[in-house]
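The values are calculated or read from the model by the stated rules, or taken from the named source; none is laboratory data. Here the structure is a predicted model, which is why all the values come from computation and not from measurement. Counting neighbours? That spans all protein chains shown, and the Cβs are built from the backbone with ideal geometry, glycine included. The accessibility values were calculated without ligands, DNA or RNA, using every heavy atom of the protein model including side chains. Shrake-Rupley method; radii C 1.70, N 1.55, O 1.52, S 1.80 Å.
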Amino acid sequence: MKPIRFALLGCGTVGSGVVELTTRNAAYLAARIGAPLELARIVVRDKSKARKVDPALLSTDADAAIADPSIDIVVEVVGGEDPAGRWLEEALRRGKSVVTANKSLLAVRGPALLSLAAEHKVDLAFEASVGGAIPVIRTLRDHLVADWVRSLRGIVNGTCNYILTRMRDESASFDSVLAAAQELGYAEAEPSLDVDGHDAAHKLCVLALLAYGAAVKPSEVPTEGIRAIEPIDHRFAARFGFGIKHLAVARETKDRSLDLRVHPALVPARAPLASVDGVLNAIAIEADGAGSQVLVGRGAGSLPTAVSVVADLVDVARNRRAGVAGLLTHGLDITRRPLAAPQSQEAIWYLRMRVADRPGVLAQIAGALGKHEVSIEQLVQEGGGGRRAVDRTGTADESRVIVMLTHDAVERDVRAALDYVDAQPFVHGRSLALRVES
Ligand code: NAP
Ligand code: HSE
């Protein structure tokens, strides 16, 4: 039987997992595809690195691998926009199907790559780009094909979830936990993509393509990372009955615009997302027909991600063998959709401020919030009277920490109130505002 031959561009954390799974399960994959799957070329940046692969397959020439007429499928696990974007365009133009885990590329050029795949009647598959091992792409693309997605709330960055979990459970320092996430192969080559929220925003753009047929640029997604979260926030959130999670949210508003955002948020302790810890990811989907469902699984790392890459490889190989390449995303209708105006949505807010321990301060803060239409539902203060507040760096100061939950308030008003409060001489540093997402 003629094999289906694939070129693997990149053999790092994910690529080495793809080599391991396709080698270990070769016979079963051949049976499921109906033809052997042959790893024909591996492209890397540095051929001299030690790797558990056949050295005869290695090269540094991606263009030659893509131009090789015997290659049916190109698997890209290099990352970044360039040169990966150029390579994938070339592969699609040459009639090869493509499998990629590259969410930063898809977020920016996904609609164009999908058009190119349709034009050349080949598949573009990207299950591994969101949620690691979780089959969220095929859930949105195939399973919910007859349904209407109202909202998505996802813990989609394993590094952020791992850091938040260890800071909560061990009061571990941000830097030490980030280093551990890098060691474990969870973090991006540039980890600020993870901790500043951009990776989650890229993934949200990919999810919006399938859930809403919406072409959204990452720069249009209001994005916050987790650097401002301190162990004290986990403690106060728990006291109010919540956990803190870094979320990517997409939902249709009443006027059918899309409200898209990425930020840390308080989630009720009894909600499914609250118990999703460590490197686990989860995507809670609300759809008209199916109702609520939550998909949970390992969101990063070598084998969890490679499982999704190989699942795509099998789909794409089967389609080629059956002569129906291009079916995976056939008929997707991607358009621009109106987006909700920034800061226009209401939420309950968790506010945390550090203020000088002196009389009258609380009244001034409450007054400032009231002037901006923000009313307080609960308030707790700590520090003063012999107690000291300790920040993330371990520094004790004479601050009193004030934490509150508001009633529903529009984000714009909350931000304006905090800008005013933070400008007052009695406030130490920047205050924190986190939404409550229920
Ligand atoms: P990685 O460990 O840094 O591996 C990147 C691979 O690409 C390496 O083999 C590297 O070669 C190769 N490479 C980089 N630049 C190249 C170039 N110019 N020419 C040829 N080869 C080049 O990255 P990764 O963690 O596997 O991630 C790969 C992709 O999967 C990214 O898009 C990432 O966002 C995505 N992803 C990762 C995870 C995860 O858990 N790590 C999960 C989901 C999706 P050398 O080995 O010679 O350096
Ligand atoms: N850096 C990403 C994360 C890898 O931590 O979620 C998986 O996409």
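Results, tabulated for the structure shown:
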read-out: Among Pro135, Pro55, Pro264: highest mean-square fluctuation, GNM of the chain, C-alpha pairs under 10 Å; value: Pro55
read-out: FRET efficiency for Ala180 and Arg227, using Cβ-Cβ distance with R0 set to 22 Å, rounded to 0.05; value: 0.85
read-out: Accessible surface, the chain, averaged per residue in Å² (probe 1.4 Å); value: 42 Å²
read-out: Residue pairs, from the table Lys49/Lys103; Lys47/Lys121; Lys96/Lys203; Lys52/Lys245, whose Cα atoms sit over 31 Å apart; value: Lys47/Lys121; Lys52/Lys245
read-out: Heavy-atom accessible surface of the chain: percent carbon and sulfur, 1.4 Å; value: 51 percent
read-out: Whole-Å semi-axes of region 137-298's equivalent ellipsoid (Cα gyration tensor); value: 27, 17, 14
read-out: Modelled FRET efficiency - R0 60 Å, Ser173 with Lys254, Cβ distances, 0.05 increments; value: 0.90
read-out: Potential lengthening between Ala322 and Leu295 on full extension [0.36 nm per residue; Cα-Cα distance subtracted]; value: 6.7 nm
read-out: Protection proxy ranking, peptides 335-341, 147-153, 377-383, average beta carbon neighbours within 10 Å, highest first; value: 147-153, 377-383, 335-341
read-out: Estimated translational D of the chain in µm²/s (Stokes, Kirkwood radius over Cα pairs; 4 °C; 1.567 mPa s); value: 56 µm²/s
read-out: For region 243-308 versus region 152-226, the gap between their alpha-carbon centres in whole angstrom; value: 12 Å
read-out: Anisotropy class of region 13-156 from Cα gyration tensor, a/c 1.5 cut; value: prolate
read-out: By average C-beta atoms within 10 angstrom, highest first, the peptides 229-237, 198-206; value: 198-206, 229-237
read-out: In region 80-180, the GluC sites (Glu not before Pro) that fall in loop regions by DSSP, at most 14 other Cβ within 10 Å; value: Glu81
read-out: Simple label model, 7 Å out from Cα along Cβ direction - Asp46 to Arg235, nm; value: 4.3 nm
